[in-house]
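*Asks:* Sharing a structure here in C-alpha cells format.
Readers should treat all values here as calculations from the given coordinates under stated rules, not as data from a laboratory. What you see is a predicted model; the values in this text were computed from it and never measured. Heads up, the Cβs are rebuilt from the backbone with ideal geometry, glycines too, and the neighbour counts pull from every protein chain shown.
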Amino acid sequence: MIVLSFLFSFPASGQLNEKGDSLMSRRWYVPDGFVATYAGGVGLVSTGVLYKISKRTEATITVGYTPPKFGNIWTTNLYTSYSLVRLNFSPQIEIRLKAGAFLNYNIGKNIYLKWPEQFHKYYYWWNSALRYGPFVNLEGTHIPVSGKWNYTLFLHCNTNDLYLATYRYSYNAISFSDILVLGVGIRMDIKNP
Amino acid sequence: MMQLMTKMNKHLLIAFTIIFATVFTGCDLFEYNVYESNRYENPIEATNEYNIGRLLQLDHKDTLYLVFTGDPQRYYNELEDMVKTVNGLPRVDAVFVSGDLIEFGTSREYEWICEHLIKLKSPFLTVIGNHDCLATGVELYQQIYGPLNYSFTWNKIRFVIHNTNSRQFNFNGNVPDLQWMQQSLSDVENYEYSLFMCHVPPNHEDFDVALQAEYTHFLRNAKNTILVANGHRHNSSLNQPYNDGIWFLNTSSPSKRELAYVKIYTTSNARKKFDCTFISF
C-alpha cells in the first residue's frame, strides 16, 4: 500500500505546474488503477495494478495468495484484455464486457517451473507452475461526477490449459461449465489517465 | 426521457446486483487455485474405509468376482463407459483401481474422478499413482480416499494396497514402505491368502531398484500370494516376470477400453487360484 501511494502521488498527464507549463506525461510505470479479486483461480485473494494501454486494451498484474489450509500457494499473474462491448446507461453507470488471456505462475510445494531432475524430459508434458488461458470479465463501473477515480465491480470467468486439455478428451462426461473458474473483484482506476 | 433513463439505471443496478449475489452465493466454481486442497466436500462413498466396510458386510464366498482397472486420468468419456460396463456385468464383488486417478494433480480432477467412481454399484478401492502425487495430490488423495498404504482382510484374503511411486518421491528409500509391508503381513494366522495392489510394478524404471529385491521377496514369501495387480503401463498383461510363480496383472486404462475381470477361487488347491478375462468395452 505504501508503494502504491507513492506511485499514485505522481501527477497525471495534463496537469500544469505552478508556472503553468505542462508537466511530463505520467511515468510509464505508474499504474492507472488497482484491483482486488476473490478466487478466480489465483488465490483466496489477489491484488495488483492495472495499466491502460489504449482506450480498449489494458494489462493487469496481480499477486495472489491461497492460505495454508487450502494449499499455501502464492501466484503472480498477468492479464491482458480487450473491451468488447461498452454500454453507458448514464454518464455515471457503464457496463463493459471484456475478454482476454492470462498467464499465472504458481509458487508452492511440489509445484515446479522446471520438473525436478528425477523426471526425464517430457516425463510430464505440461508445466506444473505456469497456467494460461482465456477469460472474460463483466464489469459494472460507477463514474462519480467529481473525483479522480472510477469504481468497478466485476465478475471474472476463466479456464486454463489443463482444464481445456481435459475437456478436449472428455466433453461427453464433463460439462463445459465444469471447467470454468469464477472470481469476483473490485477495482479503482483513474479517470482519463 | 431522463426519468426513463433513471428508472432503467435503477433496474440495471438491481439486475447486476442480483446476478452477482446469485453467482457468488450459489456457485462452487469460485476456485482459489487449481491445486487448492481442503475445499471439496469429499463423498464418504469414495473413501477406501467406507468401501472396505461394505466388503466386510458381505457373506463369505468361495469365489470372488473382481474387476481391475487403472490409470483413468483424464479419460472421463471412457471411464463413464467403463462404469456402465462394470455395472452391467453379472456379478462384481469389488472394483480395484490401480492408481493415476487423475492426470495433472488439480483439485477439480479429484472431484471429477470421485463423481464417476461413486456411480459404481460395487465397492471400489484405489491406490495412489504417480500422477496422483503431483502438487497437493498426496494431501488430496489422503483427504478423499485415505492412507497411502493400507491393508485389510476380506474373505480370508489379506489385501495389501500400497504406494510404489518411488520416482515421485525421488527414490528416497521409503517408497515402497517395506517396514510397513512386513507389519501388514506378519499376522499370518489371521488370513489364508495375499493379494497386492500398487501402481508402479517392481520391474519398472520408476520403482526404486534398491528396494526391488526385498520387495519381491515379500511378494514371493507372503502367504499364498494370489496375484500382484498394478497399473502405470496402460496395457493389459498377465505374466510371471520373475518366473517364480507370482502372477503380475498389469491393468489397462479406460482409455484403452479394456478391463480385467478376475475370478478368484479360494477353495482351489491349484497353485493359480484365479482366472482372468480381459473385457473390451
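*Asks:* Near B:GLU31, within a Cβ-to-Cβ distance under 10 Å, what is the net charge of the other residues, with Lys and Arg +1 and Asp and Glu -1?
*Replies:* 0
*Asks:* P(r) for region B:21-114: what percent of alpha-carbon pairs falls in each 5 Å bin, starting at zero?
*Replies:* For region B:21-114, the binned pair fractions read 2, 10, 17, 20, 19, 12, 9, 6, 3, 1, 0, 0 percent.
*Asks:* Under Stokes-Einstein, with the Kirkwood radius over Cα pairs standing in for Rh, what whole-number D in µm²/s applies to region B:70-195 at 25 °C and 0.890 mPa s?
*Replies:* Here the translational diffusion coefficient equals 157 µm²/s.
*Asks:* Now for a different question. For B:ALA229, list long-range residues whose amide hydrogen, built 1.01 Å from N in the peptide plane, is under 5 Å from its own amide hydrogen.
*Replies:* Here the answer is B:PHE196, B:MET197, B:CYS198, B:LEU249, since their amide H atoms fall under 5 Å of that of B:ALA229.
*Asks:* Next question, about the same structure. So if I restrict to the alpha-carbon atoms in chain A, what is the Rg, and what is Dmax, the biggest pairwise distance, in Å?
*Replies:* 19.6, 69
*Asks:* I need B:TYR65, A:TYR163 ordered by Cβ neighbour count within 10 Å, fewest first.
*Replies:* Ascending number of Cβ neighbours within 10 Å: B:TYR65, A:TYR163.
*Asks:* Size of the protein assembly as shown along its principal axes in angstrom, Cα-based, largest extent first?
*Replies:* So the extents along the principal axes, rounded to whole Å, are 103, 48, 32.
*Asks:* Now, a different point. Top mean-square fluctuation among A:GLU58, A:GLU94, A:GLU117, Gaussian network model of chain A, C-alpha springs under 10 Å?
*Replies:* Most flexible of the set in this elastic network: A:GLU117.
*Asks:* For chain B, what is the percent of antiparallel DSSP beta bridges, rounded to the nearest 5?
*Replies:* If I count the DSSP bridges inside chain B, around 50 percent turn out antiparallel.
*Asks:* Now, a different point. Which ordering of B:GLU189, B:GLU258 is given by a fewest-first count of other beta-carbon atoms within 10 Å?
*Replies:* B:GLU189, B:GLU258
*Asks:* Continuing with the same structure: Indicate, rounded to the nearest 5 percent, the antiparallel portion of the DSSP beta bridges found entirely in the protein assembly as shown.
*Replies:* 85 percent
*Asks:* For region B:239-252, what does the Karplus curve 6.51 cos²θ - 1.76 cosθ + 1.60, with θ = phi - 60°, yield as ³J(HN,Hα) per residue in whole Hz, taken in order and with x for Gly and Pro?
*Replies:* So the Karplus estimates, Gly and Pro as x, are 7, 10, x, 9, 6, 10, x, 9, 7, 10, 9, 8, 8, 7 Hz.
*Asks:* What does the extension gain come out to for B:GLN179 and B:ASP244, with contour length at 0.36 nm per residue minus their alpha carbon separation?
*Replies:* 21.1 nm
*Asks:* Send over the Kirkwood Rh of chain B, from the inverse of the averaged 1/r over different Cα pairs, rounded to one decimal Å.
*Replies:* Over chain B, the inverse of the mean reciprocal pair distance is 20.2 Å.
*Asks:* Amide H to amide H, which residues 5 or more places from B:ILE102 or on other chains are under 5 Å from it, using H placed in the peptide plane?
*Replies:* Those lying under 5 Å, H to H, from B:ILE102 are B:GLN73, B:ASP132.
*Asks:* Further question: Once the Cα atoms of helix A:161-170 and of chain A are each reduced to a long axis, what angle between those two axes, in degrees from 0 to 90 to the nearest 10, is obtained?
*Replies:* 50 degrees
*Asks:* Starting at the first residue of region B:107-123, write each ³J(HN,Hα) from the Karplus equation 6.51 cos²θ - 1.76 cosθ + 1.60 with θ = phi - 60°, in whole Hz, x for Gly and Pro.
*Replies:* With the stated coefficients, region B:107-123 comes to 4, 5, 5, 5, 5, 4, 5, 4, 4, 7, 5, 6, 7, 5, 6, 7, x Hz.
*Asks:* Give the span of region B:159-236's Cα atoms along each principal axis, as three whole-Å numbers ordered largest to smallest.
*Replies:* 36, 28, 17 Å, listed from the longest principal axis down.
*Asks:* What net charge do the residues around A:LEU155 carry, taking every other residue with its C-beta under 13 Å from that of A:LEU155, with Lys and Arg at +1 and Asp and Glu at -1?
*Replies:* +2
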